[in-house]
Amino acid sequence: MNLAEAAAHAQELADAGDERELANLRRHWEDEVEGAARNGDYRVRAVAYRAIGQFRFRQKLELLERGLEDESPACRGSALVSIEMLSRDSPGVINTTRRTLHELVGGDPNSAVRRLAIVCLKNGPAARETIAVLRGLAESDDEDKQLRETAEKIAALLTKKANVEANARRSGGR
């Protein structure tokens with residue numbers, strides 16, 4: 001079994017809620033993931049960055065941060081896919097990477113990477129600065145249509161989330 005196959009199996013275990021087997025598989029493949037993320041071949045690094053999310057390696061956020069700064073768009077994209085996976089259950093992942101996500105959203109040369117970064121932001125808290133960045137992109141005629149649409153959709157979702165949170169605070173959490 002190679003790393004990609006092991007990661008796919010880890011994803012199946014995570015989806016099934018089999019935490020015990022997932023932990024065993026994680027222990028067995030931890031060093032392999034670390035080594036692959038440092039490999040000179042971008043394809044191997046991309047598999048490793050994606051595997052971090054599939055294995056639910058929450059303790060490897062620092063490694064994912066490095067993936068977000070990788071020269072390869074494939075690696076940046078794979079790291080973003082993992083961040084999105086990990087942040088579904090733990091919005092704090094977005095808080096940890098928010099600055100880098102904002103940088104990718106606003107200036108990555110690859111539009112697919114920019115859209116993936118926008119999608120990641122949906123799992124985080126409804127921060128005003130994030131909503132402002134997304135609205136600015138959605139209203140910019142200089143951006144491509146898909147990016148503007150994605151930014152608009154996520155900005156609307158975060159605005160709704162912020163309104164729900166504000167209403168809950170006003171009503172005392174009831």
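Values quoted throughout were computed directly from the atomic coordinates according to the rules given, and no laboratory measurement underlies them. As the structure is a computational prediction, the values presented were derived from the model and not from experiment. Glycine also receives a Cβ, built like all others from the backbone with ideal geometry; neighbour counts cover every protein chain displayed.
Estimated from the Cβ-Cβ distance and a Förster radius of 35 angstrom, the FRET efficiency linking Ser140 and Ser171 is about 0.45.
At 0.890 mPa s and 25 °C, plugging the Kirkwood radius over alpha-carbon pairs of the chain into Stokes-Einstein gives what diffusion coefficient in µm²/s? Rounded, D is 145 µm²/s.
Only DSSP H runs of four or more residues enter the estimate; each adds -39500 (n - 2.57), and after division by the residues of the chain the mean residue ellipticity at 222 nm equals -25000 deg cm²/dmol. Shown is the FRET efficiency for Glu12 and Asn39, computed with R0 = 25 Å from the Cβ-Cβ distance and rounded to the nearest 0.05: 0.50.
Using a Förster distance of 22 angstrom, determine the FRET efficiency expected from the C-beta separation of Ala112 and His28, and round it to 0.05. My answer for the efficiency is 0.10. Between Gln11, Gln59, Gln146, which gets the highest mean-square fluctuation from a Gaussian network model of the chain, Cα cutoff 10 Å? Maximum among the listed residues: Gln59.
Each of Ile131, Ile154, Ile52 has some number of other Cβ atoms within 10 Å of its Cβ, and from fewest to most they run Ile131, Ile154, Ile52. Exposure proxy check: Leu22, Leu134 ranked by fewest other beta carbons within 10 Å? Taking fewest neighbouring Cβ atoms as first place, the list is Leu22, Leu134. Per the Kirkwood formula applied to alpha carbons, segment 106-174 shows a radius of gyration over Rh ratio, Rg over Rh, of 1.07. In plain terms, the residue of Val47, Val164, Val119 with the fewest other Cβ atoms within 10 Å comes first and the most crowded comes last, giving Val164, Val119, Val47. Applying D = kT/(6 pi eta Rh) to segment 3-90, where Rh is the Kirkwood radius over alpha-carbon pairs, T corresponds to 4 °C and eta to 1.567 mPa s, the Stokes-Einstein value obtained is 104 µm²/s. Within the shell of other residues whose beta carbon sits under 12 angstrom from the beta carbon of Glu103, the net charge comes to +1, with Lys and Arg scored +1 and Asp and Glu -1.
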